[in-house]
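Enquirer: Below: one structure in structure tokens.
The values are calculated or read from the model by the stated rules, or taken from the named source; none is laboratory data. From a predicted model like this one, the values you see are computed outputs, not experimental measurements. Using ideal geometry, Cβ is built from the backbone for each residue, glycine included, and neighbour counts are taken over all protein chains shown. For accessibility, only protein heavy atoms count, side chains too; no ligands or nucleic acids. Shrake-Rupley method; radii C 1.70, N 1.55, O 1.52, S 1.80 Å.
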Amino acid sequence: MQTLPVHLDLFALIILLGVAQGLFLGVFFLTGERAKQVANRCLGWFTLALSGVSGEIFLNYTNYTFQLLWAVDFAEPLNFVLGPLFFFYVFSRLHQRLPRRWGWHLLPFGIWLLNSATWFYQPVEFKYNSYVNSLHPELPYIPAQPYWNEDFTGLRDWINEMTLISCLVYAFLSLMIIRSVSQQRPAIWAAAQLNSLRFLSWLVALVPLLIVLVKPRFYHDVGDYLLATYMAATIYSISFLVMRGSSFFGEVPAEPDPPVELKKKYEKSTLSEEVEDAVLTRLTRLLETDKPYLNSGLSLSRLAEQLDTSPHHLSQLLNDRLGLTFFDWLATYRTAEARQLLSNPALAHLKIDEVAERVGYNSTSAFHTAFKRLTNQTPAQYRANRLGTQVE
């Protein structure tokens, strides 16, 4: 067998770092307390699948495959779990459960896994010829006979097209469910939570476009390194969003810690879904009848007292079920209320500081900061756009 020297460059480094980071994220989300949430498990398996696909491309691109011929096309079945796993992540992040009959979404993966079984059990010489044909057609083939039909479904030649369709369909489904939830629960979900999910969905939706642009320009599989580089960028985008949402980098809250007895009681357990649902129902009812967020003196402990729960539990509920800190939750509702006031022509006479006071802010600058962070506009710009007036 003729081989080629190992080829390492900037693309190879980017792909390798993406594989390593994907493996780290997968282990991170699938271990510890994090693994108790179905959304985290889906995201963990998704990043591991991304690493598997990227890892195979890394071996091919660098010529390491010549040293690991048994691994030729080992990650091929993973092409058909990327889309479903990402959709499962989005769905469970918004609904805290998997979609009904979720197993049917994995049927193409199961079929391809069976199809690949005959491929995996082939002579090394046969796999060498396949690898050379795909990436190094300038090298000579060697005599080889398959043990049996390596593609009994006759579908392997269509894997790029089927991967494209799978990613496109599941990215579309993810965007549709995000849109549906944003319309049903705009006050809660219009902020960072949905923006992050929407951003990741568009990253997945761009994969089919890249396949269409890259594949026709390269002979066989040679353009895969560009797709793997994009996958690495996706993995690091997920890492960035995880770090951005981590409380590790946040300020120490001004709220007092819960009593030691209460803290110990709940350190080793999480809220059951029934308790969370009950508190969330009381919160929804309170929002409809009282609008507590308009009270400038509202704090986490005061809201928890109104809901007959502890500040620790309420903070956990907001983070786990809504993906928001208490202060982000408060800013989201106050901003939604301010948008209604600023859009009302009958209230155009109100000054911005008066609007800020009406929605619960004692500081106009804090109102400006929160409003612009959530709408990408200042309150004055928002009013001008809605009412067709000049910015003050």
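Enquirer: Among Ala144, Trp45, Phe367, whose Cα lies farthest out toward the positive end of the dipole of the chain, if unit charges sit on the beta carbon of Lys, Arg (+1) and Asp, Glu (-1)?
Expert: Phe367
Enquirer: Using the heavy atoms of the protein chains alone and a 1.4 angstrom probe, what is the accessible area of the range 26-161 per residue in square angstrom?
Expert: Numbers: 6460 Å² over 136 residues.
Accessible surface, normalised per residue, equals 48 Å².
Enquirer: Grab the Cα-Cα distance for Leu287 and Asp308, subtract it from 0.36 nm times how many residues apart they are, and report the gain in nm with one decimal.
Expert: Roughly 6.1 nm would be gained on extension.
Enquirer: Which of the following values of volume of the Cα convex hull per residue in Å³ was calculated from the structure shown: (1) 150; (2) 176; (3) 260?
Expert: So the calculated entry is the one marked (2).
Enquirer: With a sphere of radius 14 Å drawn around the Cβ of Ser201, what net charge do the other residues whose Cβ falls strictly inside it have (Lys, Arg +1; Asp, Glu -1)?
Expert: Local charge sum for Ser201: +3.
Enquirer: Fully extended, how many nm does the chain gain between Leu213 and Trp148 (0.36 nm per residue separation, minus their Cα-Cα distance)? Could you put the intermediate results ahead of the total?
Expert: Working: separation 65, 0.36 × 65 = 23.40 nm, distance 3.47 nm.
Fully extending the segment from Leu213 to Trp148 adds 19.9 nm.
Enquirer: May I ask you to list, by number, the DSSP H helices of the chain whose Cα span along the axis is at least 27 Å and whose average Kyte-Doolittle hydropathy reaches -0.5 or more?
Expert: Qualifying helices: 10-29, 38-62, 159-184, 192-214, 224-244.
Enquirer: In whole percent, how big is the carbon plus sulfur part of the accessible area of the chain, probe 1.4 Å, protein atoms only?
Expert: Answer for the chain is 60 percent, counting heavy atoms of protein chains only.
Enquirer: What's the long-distance tail for the range 7-120, i.e. % of Cα pairs beyond 18 Å? Intermediate values should be presented prior to the final figure.
Expert: Numbers: 3705 of 6441 pairs.
So the portion of pairs separated by more than 18 Å is 58 percent.
Enquirer: Express in whole angstrom the spacing between the alpha-carbon centres of the range 56-111 and the range 1-38.
Expert: 14 Å
Enquirer: Any idea how far apart Asn295 and Leu155 come out in nm if each label point goes 7 Å out from Cα toward Cβ?
Expert: 5.8 nm
Enquirer: Given a Förster radius of 35 Å and the C-beta distance between Gln96 and Asn362 as r, what FRET efficiency does 1/(1 + (r/R0)^6) yield to the nearest 0.05?
Expert: Step by step, r from the Cβ atoms, then E = 0.50.
Enquirer: Further question: Please identify, among Arg41, Arg93, Arg358, the residue showing maximal mean-square fluctuation in a Gaussian network model of the chain using a 10 angstrom Cα cutoff.
Expert: Arg358
Enquirer: Less than 20 Å from a label point 7 Å out along the Cα-to-Cβ axis of Val169: which backbone N atoms in the range 86-111 qualify, by residue?
Expert: Under 20 Å, as judged by backbone N against the label point of Val169, lie 86-92, 98-111 of the range 86-111.
Enquirer: Another question, if that's okay. Can you list the equivalent-ellipsoid semi-axes of the range 284-370, largest first and in whole Å, using the square root of 5 times each Cα gyration tensor eigenvalue?
Expert: So the equivalent ellipsoid measures 26, 13, 12 Å along its semi-axes.
Enquirer: Further question on the same structure: Once you put a point 7 Å from the Cα of Glu138 and another 7 Å from the Cα of Met243, both along the Cβ direction, what distance in nm separates them?
Expert: 4.0 nm
Enquirer: With +1 on each Lys and Arg Cβ and -1 on each Asp and Glu Cβ, and nothing else charged, work out how big the dipole of the chain is about its Cα centre, in Debye to the nearest 20.
Expert: My answer is approximately 1020 debye.
Enquirer: P(r) tail for the range 52-198, what percent of Cα pairs lie past 19 Å?
Expert: 62 percent
Enquirer: So if we plug the beta-carbon distance of Leu10 and Glu125 into 1/(1 + (r/R0)^6) with R0 = 30 Å, what FRET efficiency do we get, rounded to 0.05?
Expert: On the way: r = 33 Å, r/R0 = 1.11.
Efficiency computed from Cβ-Cβ geometry: 0.35.
Enquirer: Here is a follow-up. Each residue of the range 67-79 in order: what ³J(HN,Hα) in whole Hz does its phi give by Karplus 6.51 cos²θ - 1.76 cosθ + 1.60, θ = phi - 60°, with x for Gly and Pro?
Expert: Karplus values, whole Hz, x for Gly and Pro: 8, 9, 4, 5, 8, 4, 6, 5, 9, 3, x, 5, 4.
Enquirer: I've got another one for you. Report the full-extension gain for the segment Tyr64 to Ala384: residue separation times 0.36 nm, less the Cα-Cα distance, to one decimal in nm.
Expert: 109.2 nm
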